[in-house]
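Below is one structure; the comments refer to it alone.
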Amino acid sequence: MKRLIILILTLFITSSLSAQSAHKWEEIYEELLVSEEQSTEVIEEYYNLLCDLEANPINLNVATRDDLEQLPFLSAQQVEDILAYIYQYHNMQTLGELMMIESLDAVRRDLLCCFVYLQPVESNNVPTFSQMLKRGKHTIVFTGKVPFYKRKGDENGYLGYPYTHSVRYKLAYSDYFQLGLVGAQDAGEPFFTGVNKLGYDHYSFYAMVRKLGKLKAAVVGRYKVRFGQGLVMNTDFSFGKVASLTTEGRSYNAVRPHSSRSQSTYLQGAAATVALGRFVDFTAFASYRYCDATLNSDGSIRTLLTSGYHRTPMEISKKHNASQSAFGGNLNWRKNGLTFGLTGLYTSFNRPLKPNVSQCFRLNYPQGSGFGNIGLSYGYINHRWNVNGETALSANGGLATVNTVALQATHTLSFTAIQRYYAAKYWGIYANSFAEGGRTQNELGLLIGAKWVALPHLTLMCFTDYAYFAQPRYQASVASSAWDSFLSAIYARGNHSLLLRHQFKLRQKDDAKHIFLLNDITHRGRLSYTYLQPKWSCKTQLDFSNNHFKTNSFGYMVSETATWHPLDWLQTASSVGYFHTESYASRLYTYERGMAYSFYFPAYYGEGLRFAVFAQTKINSHLVGVVKFGMTKYFDRDQISSGLQQINSCVMSALDLQLRWKM
């Protein structure tokens, strides 16, 4: 009877959930992650992962823990509760049943509906390789950008034409097998000429199998690996503060293909995870790849480069002039809420690292040719507590540790604390964990946060984070500190949603003479109202920023976004925004819908107007076309940017095109 009542109730809300979640995950993603100025590379990596998951959703009725841990917005408790519900009730009939899982808030339910589907459990027989190739789904995505402006480098400087374009091919069979190739070209890079005689400047290729008996996952080609909290090994993205708070600092192990345009954050070779027993998994990996670097006069590496730009003879001279090898593994044990993991890594370069230590903030940067790390991860979870962390050592004696404690005080109130200590001499070439300073090094910090569903439709979230840097860092020649506080309130009821957010950030930086430290204080705020209908929606938003460092700088932006879905085969969106800031220090960021695998989140400063229109049409059952036109007009300048990127105009406009073909 209980099961019947649940089904009757959820059938009424299923259509509502589906309508609201469709094509909404990008905006939710922006609220969760981009509110805290993470690097563009991190933002794009996270976004690409979600695009892949949307294109290849998970059948929730047969999902394993490893499947659900691919969804980076779920906490460990939410993963456990979903698995427990499916086990107890023998599968879900509708996605509306997600309402019955108490730990899933409205945001997580909406996000989850974008990346999962429901299908009855079929035979557990593992398909053969020939079946995977024959029955797999082929997807080809062509993306291009045509600028209606000329940069200085387009006329004299860049070796290629001004167009950006890429191609993606993927063959996938359920969640058992995937094979892919990505080719990408930045504007200004040569194509089928010069150093790129094979076409694109960047290629990524991979093949991956999963769930083949004791072989849980195996990948060859280019791939990403993460273990525990990422103190030893993490070539994937790391969570920012808002995301870490919502996921309660969840640790996880992952081996997945590298399918993005990034030319730095990947391994090349092979990796595999094998189940040694019911509770024990073992992962091993090996990699050899070339990397871009700036060299010293003696041939040593001064700086490892991650931009991936190869547009000029100077940039091309730094391409692939160093090589890096890495190998290691992870042994993980999990039982009854307890988990322990042991990770080891050794990596080396064909040239020694020799940074320019005349700059004091580089004094503790890694030096030498070979580097080793070992780390122990640990965790415990029950219905109320979630404790996890990792402690690691580098071969030169450096120590790093990060630990999270999350308490579910009531169904509506939770607390999270994240402590970290990264010694200045901790050298982790592939370390990428929770940090304020951008590096897993030279930091001592503590974050305390809370999330409270104060009313049925009102959710409050806040945190305060303090970090201390014992050694010099960029723009601080002596020991310094930083303080970050955040508060948000979301009221969502029916078709209406109201968001209020404020962030205070204090960083200590050198004065002009590098003698004293001054406080660099920034306030950022957002007020937005959204109205949703099944066929259309509109969003009005006000952003502001106030920065004080030596001088005061204030800025604001008012924007309006509207979406319209008049027909099943047509979706449209448009946005317009006016911004006015006194300097770059008070710059503003706002999300704008774009092409799949291309997250658009620029910084606006000065005075100007931004306009964009987007349309997506389903040409037939296999073919989808997308077009977007965007224009930024500045009222306070006659030229945009500088150097080879300089545009001798106050207007910058471009046309984006994408064609997605599924077979």
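The values are calculated or read from the model by the stated rules, or taken from the named source; none is laboratory data. What you see is a predicted model; the values in this text were computed from it and never measured. Here Cβ is always computed from backbone atoms with ideal geometry, including for glycine, and neighbour counts include all displayed protein chains.
Restricting the stretch 177-223 to residues that are in a loop (DSSP other than H, G, I, E, B) and at positive phi leaves a set whose member that is surrounded by the most Cβ atoms within 10 Å (Cβ to Cβ) is GLY188.
Within the stretch 257-274, how many residues are under 30 Å from VAL107 (Cα atoms) and modelled with pLDDT of 90 or more? So that I can check it myself, show each step before the final result.
Within the stretch 257-274, the first condition is being under 30 Å from VAL107 (Cα atoms), and the residues that meet it are 257-262, 265.
Now restrict to residues that are modelled with pLDDT of 90 or more: 257-258.
Looking only at that region, the number is 2.
Starting from residues that are among the aromatic types (Phe, Trp, Tyr) and touching a Lys or Arg at 6+ places or on another chain (Cβ under 9 Å), keep the ones in the stretch 531-545 and report whichever is surrounded by the most Cβ atoms within 10 Å (Cβ to Cβ).
Residues of the stretch 531-545 among the aromatic types (Phe, Trp, Tyr): 531, 536, 544.
If we keep only those that are touching a Lys or Arg at 6+ places or on another chain (Cβ under 9 Å) too, we end up with 531, 544.
Values: TYR531: 14, PHE544: 18.
So the residue we want is PHE544.
When you look at GLY370, is it over 30 Å from ILE101 (Cβ atoms) and either part of a strand (DSSP E or B) or touching a His at 6+ places or on another chain (Cβ under 6 Å) (or both), yes or no? When the stated conditions are applied, GLY370 passes them. Taking (1) without any contact (Cβ under 8 Å) to a residue 12 or more places away in the chain; (2) in contact with a Ser or Thr (Cβ under 6 Å, 6 or more places away or on another chain) in turn, LYS134 satisfies each apart from (2). Kindly provide the set of residues from the stretch 631-650 that are modelled with pLDDT of 95 or more and outside any loop (DSSP other than H, G, I, E, B), ordered by number. Across the stretch 631-650, the qualifying residues are MET631, THR632, LYS633, TYR634.
If only residues of the stretch 280-304 that are more than 29 Å from the chain's Cα centre (by Cα) and assigned to a loop (DSSP other than H, G, I, E, B) are counted, the one that is farthest from SER369 (Cα to Cα) is SER297. Take the residues of the stretch 385-407 that are surrounded by fewer than 21 Cβ atoms within 10 Å (Cβ to Cβ) and under 26 Å from the mean Cα position of the chain (by Cα): which is farthest from PRO472 (Cα to Cα)? Across the stretch 385-407, the extreme among qualifying residues is LEU407. Residues in the stretch 73-109 that are among the small types (Gly, Ala, Ser) and not in a helix (DSSP H, G or I) were compared, and the one that is surrounded by the fewest Cβ atoms within 10 Å (Cβ to Cβ) is SER103.
Could we say that PHE282 is aromatic (Phe, Trp, Tyr) and surrounded by 21 or more Cβ atoms within 10 Å (Cβ to Cβ) here? Talk me through it step by step, then tell me what you get.
Numbers: aromatic (Phe, Trp, Tyr): yes; surrounded by 21 or more Cβ atoms within 10 Å (Cβ to Cβ): no.
The answer is no for PHE282.
Can you confirm whether the stretch 388-402 contains a residue that is touching a residue at least 40 places away in the same chain (Cβ under 8 Å), touching a Ser or Thr at 6+ places or on another chain (Cβ under 9 Å), closer than 30 Å to MET461 by Cα and among the small types (Gly, Ala, Ser)? Yes, some residue in the stretch 388-402 is touching a residue at least 40 places away in the same chain (Cβ under 8 Å), touching a Ser or Thr at 6+ places or on another chain (Cβ under 9 Å), closer than 30 Å to MET461 by Cα and among the small types (Gly, Ala, Ser).
Among the residues of the stretch 352-384, those identified as under 30 Å from LYS335 (Cβ atoms), among the hydrophobic types (A, V, I, L, M, F, W, C) and either surrounded by fewer than 20 Cβ atoms within 10 Å (Cβ to Cβ) or in contact with a strand residue (DSSP E or B) (Cβ under 6 Å, 6 or more places away or on another chain) (or both) are ILE374, LEU376.
Residue-wise test of (1) under 28 Å from LEU407 (Cβ atoms); (2) touching a Lys or Arg at 6+ places or on another chain (Cβ under 7 Å); (3) aromatic (Phe, Trp, Tyr).
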position: GLU436; (1), (2), (3): yes, no, no
position: GLU443; (1), (2), (3): yes, yes, no
position: LYS451; (1), (2), (3): yes, no, no
position: LEU455; (1), (2), (3): yes, no, no
position: MET461; (1), (2), (3): yes, yes, no
position: ARG473; (1), (2), (3): no, no, no
position: VAL478; (1), (2), (3): no, no, no
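Tell me, please, whether a residue that is touching a Gly at 6+ places or on another chain (Cβ under 9 Å), over 25 Å from ALA270 (Cβ atoms), at pLDDT 90 or above and part of a loop (DSSP other than H, G, I, E, B) can be found in the stretch 163-176. The answer is yes, given that some residue of the stretch 163-176 is touching a Gly at 6+ places or on another chain (Cβ under 9 Å), over 25 Å from ALA270 (Cβ atoms), at pLDDT 90 or above and part of a loop (DSSP other than H, G, I, E, B). Of GLY249, GLY230, GLY277, all but one fail to be surrounded by fewer than 21 Cβ atoms within 10 Å (Cβ to Cβ), assigned to a loop (DSSP other than H, G, I, E, B) and at pLDDT below 95; the exception is GLY277.
Of all residues in the stretch 614-624, how many are surrounded by fewer than 20 Cβ atoms within 10 Å (Cβ to Cβ) and part of a strand (DSSP E or B)? Explain how you work it out, then say what you get.
First pass over the stretch 614-624, keeping only residues surrounded by fewer than 20 Cβ atoms within 10 Å (Cβ to Cβ): 615, 617-624.
Pick out the ones that are also part of a strand (DSSP E or B) and you get 615, 617-618, 623-624.
Total satisfying the criteria: 5.
Count of the stretch 252-274 residues, restricted to those that are without any contact (Cβ under 8 Å) to a residue 60 or more places away in the chain and part of a strand (DSSP E or B), is 8.
When the stretch 351-387 is filtered for residues that are in contact (Cβ under 8 Å) with a residue 40 or more places away in the chain, of a type in the set (Gly, Ala, Ser) and out of contact with any helix residue (DSSP H, G or I) (no Cβ under 8 Å at 6 or more places or on another chain), the ones remaining, listed by number, are GLY375, SER377.
For the stretch 522-530, state whether one or more residues are over 29 Å from TRP452 (Cα atoms), exposed (fewer than 15 other Cβ atoms within 10 Å of the Cβ) and modelled with pLDDT of 90 or more. Within the stretch 522-530, not a single residue is over 29 Å from TRP452 (Cα atoms), exposed (fewer than 15 other Cβ atoms within 10 Å of the Cβ) and modelled with pLDDT of 90 or more.
Would you please name the residue that is surrounded by the fewest Cβ atoms within 10 Å (Cβ to Cβ), looking only at residues in the stretch 589-613 that are under 23 Å from the mean Cα position of the chain (by Cα) and assigned to a strand (DSSP E or B)? Write out each step before concluding.
Residues of the stretch 589-613 that are under 23 Å from the mean Cα position of the chain (by Cα), as a first pass: 589-604.
Subsequent filtering for residues that are assigned to a strand (DSSP E or B) retains 589, 592, 600, 603-604.
Details: TYR589: 17, GLU592: 20, TYR600: 16, ALA603: 13, TYR604: 23.
Selected residue: ALA603.
Tell me which residues, restricted to the stretch 371-414, are among the small types (Gly, Ala, Ser) and closer than 21 Å to VAL453 by Cβ. Selection gives ALA406, ALA409, SER414.
Could you list, in sequence order, the residues of the stretch 423-435 that are aromatic (Phe, Trp, Tyr) and in contact (Cβ under 8 Å) with a residue 60 or more places away in the chain?
Taking the stretch 423-435 first, the residues aromatic (Phe, Trp, Tyr) are 426-427, 430, 434.
If the condition is that a residue be aromatic (Phe, Trp, Tyr) and in contact (Cβ under 8 Å) with a residue 60 or more places away in the chain, then TRP427, TYR430, PHE434 are the ones that fit.
Does SER39 meet the test of being farther than 23 Å from TYR173 by Cβ, buried (at least 18 other Cβ atoms within 10 Å of the Cβ), modelled with pLDDT under 85 and hydroxyl-bearing (Ser, Thr, Tyr)? In short, no. Go through the stretch 533-580 and count every residue that is under 20 Å from GLY594 (Cα atoms), in contact (Cβ under 8 Å) with a residue 40 or more places away in the chain, not aromatic (Phe, Trp, Tyr) and not in a strand (DSSP E or B). Total meeting the criteria: 1.
Please go through the stretch 282-301 and pick out each residue that is of a type in the set (Ser, Thr, Tyr) and farther than 13 Å from LYS318 by Cα. Across the stretch 282-301, the qualifying residues are THR283, SER287, TYR288, SER297.
Restricting to the stretch 320-351, name every residue that is over 30 Å from GLY379 (Cβ atoms) and either surrounded by 16 or more Cβ atoms within 10 Å (Cβ to Cβ) or among the aromatic types (Phe, Trp, Tyr) (or both). Write out each step before concluding.
Kept after step one, since they are over 30 Å from GLY379 (Cβ atoms), are these residues of the stretch 320-351: 320-325, 348-351.
The answer is ASN321, ALA322, GLN324, SER325, SER348, PHE349, ARG351.
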